[in-house]
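See below for the structure under consideration.
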Amino acid sequence: MTQPTESTDAGPSTGFLAEVKDAVTTRAALLVLGVLVLQLAFITSYIGAFHHPKAGEIPIAVAAPLAPVAQQTANQLGALPGDPLDPSVVKDEAAALDQVRHRDVDAALIVDPAGTTDRLLVASGAGASLSQAVEEIVGFVEKTQGRTLRVTDVAPAGKGDSRGLSSFYLVIGWCVGGYLCAAILAISAGARPANAHRAVIRLGALLVYAIAAGLLGTVIAGPILGALPGSILGLWGLGTLVVFAVGAITLAFQGVAGVIGIGLAILLVVVLGNPSAGGAYPYPLLPPFWSAIGPALPPGAGTYAARSITYFKGNGAGGPLLVLAAWALVGSAVTLACAVSRKGRPGAAVGSGLPDDAPSVPRFAGEGTDAR
């Protein structure tokens, strides 16, 4: 029986550089470079936002039985070095309390010109670090004037909500679920949907997931752990909107840029959105850049709305809900537009958005050719 003979034809190059190129393609190298940039942006964003919290123009209402006294006190608070407070005069204590509970201001100072003790109304449900900052600033001013300050928390955080952070972590969990669900939908069947029908199916699957995630997250944070005492229906609706908005954004990015879109979604939601969400440090304590972008991004809008629903009977939640709805609508529209623009192109577009390496060579002679 004839034994097979080894081929003497020269095979492909097996040098070290060839092995490296085979193990780490150009596409992989570019993606790894992108991950490095994303990692450095993550470090910069979080440390930049949190390394030096400083109060800046915290809205505070000032009331007193005599209007001139209230105005004089407001002028003193407004003239503090660094502008930590942004005082406004209201007609009486009831108006001041109403503004705090409607989230028009973060605190209120009630001045008693007939005595030496004034009252400060705060709302730790909006963030313990914020109420503490106001208490320290106003307390210092009162002490320098030989007066005493009595603090009343009119919207306290729940006993199971340490420092008012549970709403923040709940929203972050919803955001993570949103972009992971969208990423899995892409990885399983192509980063870019092949047609509008598939795009609609993906958005429909995302909506079903968002409804389930919103409900289960609310039940865990509320009845099970007792962390958030707010309306279950309100938080459920918010959670559904947060998850769907973030997922739709991720699908839109993937429709535009392929697999790279997942990284863009992480950049927007995690790198920029999380530190600017007002969780550990509400907006008035963040540096200008983060306090400016926070309300416009899903984590910030979701956190503010969650605290409003939980501790302020929904007051102040309208604007953030509109922001989330806008992200959901834009993400869905872009996803569908990208799918429609692909109509007529063959195959489901699985792509990274990066140039591929050299065209692949058929493994067998005749592969990809017509049989003759």
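Values in this text are rule-based calculations from the coordinates and carry no lab data. Since the structure is predicted, the reported quantities are computational estimates derived from the model, not experimental observations. Cβ placement follows ideal geometry from the backbone for every residue including glycine, while neighbour counts extend to all protein chains displayed.
General remarks:
- Dipole magnitude for the chain: about 760 debye, using +1 per Lys or Arg Cβ and -1 per Asp or Glu Cβ, origin at the Cα centre.
- Over the range 164-341, Cα pairs under 8 Å with separation of 6+ residues give a relative contact order of 30 percent.
- Which of CYS181, GLY273, ILE47, positive extreme of dipole for the chain (C-beta unit charges): CYS181
- When the Cα positions of ALA337, ASN75, PRO113 are compared along the charge dipole of the chain, ALA337 comes out farthest toward the positive end, with charges on each C-beta of Lys, Arg, Asp and Glu.
- Net charge of the neighbourhood of ALA96, taken over other residues with C-beta under 11 Å away and scored Lys/Arg +1, Asp/Glu -1, is -1.
- Protection-proxy order for peptides 252-263, 136-147, 92-103, each taking the mean of Cβ atoms within 10 Å per residue, highest first: 252-263, 92-103, 136-147
- Each part reduced to its alpha carbon centroid, the range 86-161 and the range 205-282 end up 32 Å apart.
- Relative contact order of the chain, pairs being alpha-carbon contacts under 8 Å that are 6 or more residues apart, as %: 19 percent
- Gyration tensor verdict on the range 58-153 (Cα atoms; rounded if a/c is under 1.5, prolate if a/b is larger than b/c, oblate otherwise): rounded
- Dipole of the chain computed with +1 at Lys/Arg Cβ and -1 at Asp/Glu Cβ about the Cα centre; of VAL154, GLY237, PRO298, farthest Cα towards the positive end is GLY237.
- Over 26 Å between alpha carbons, listed pairs LYS54/LYS143; LYS159/LYS313; LYS54/LYS91: LYS54/LYS91
- Cα gyration tensor, the range 199-345 - rounded (a/c under 1.5), prolate or oblate: oblate
- Taking amide H positions as modeled 1.01 Å from N, with prolines and chain starts lacking one, the residues under 5 Å from THR148 and 5 or more places away or on another chain are THR117, ASP118.
- Lys, Arg +1 and Asp, Glu -1 on Cβ, resulting dipole of the range 103-234 about Cα centre, debye, nearest 20: 620 debye
- Formal net charge of residues neighbouring GLY78 (Cβ-Cβ distance under 13 Å; K, R +1; D, E -1): -3
- Computed on the range 58-153, with alpha-carbon pairs under 8 angstrom and 6+ residues apart, the relative contact order is 28 percent.
- Calculated volume of the Cα convex hull per residue in Å³ (choose from [x] 194; [y] 158; [z] 139), label: [x]
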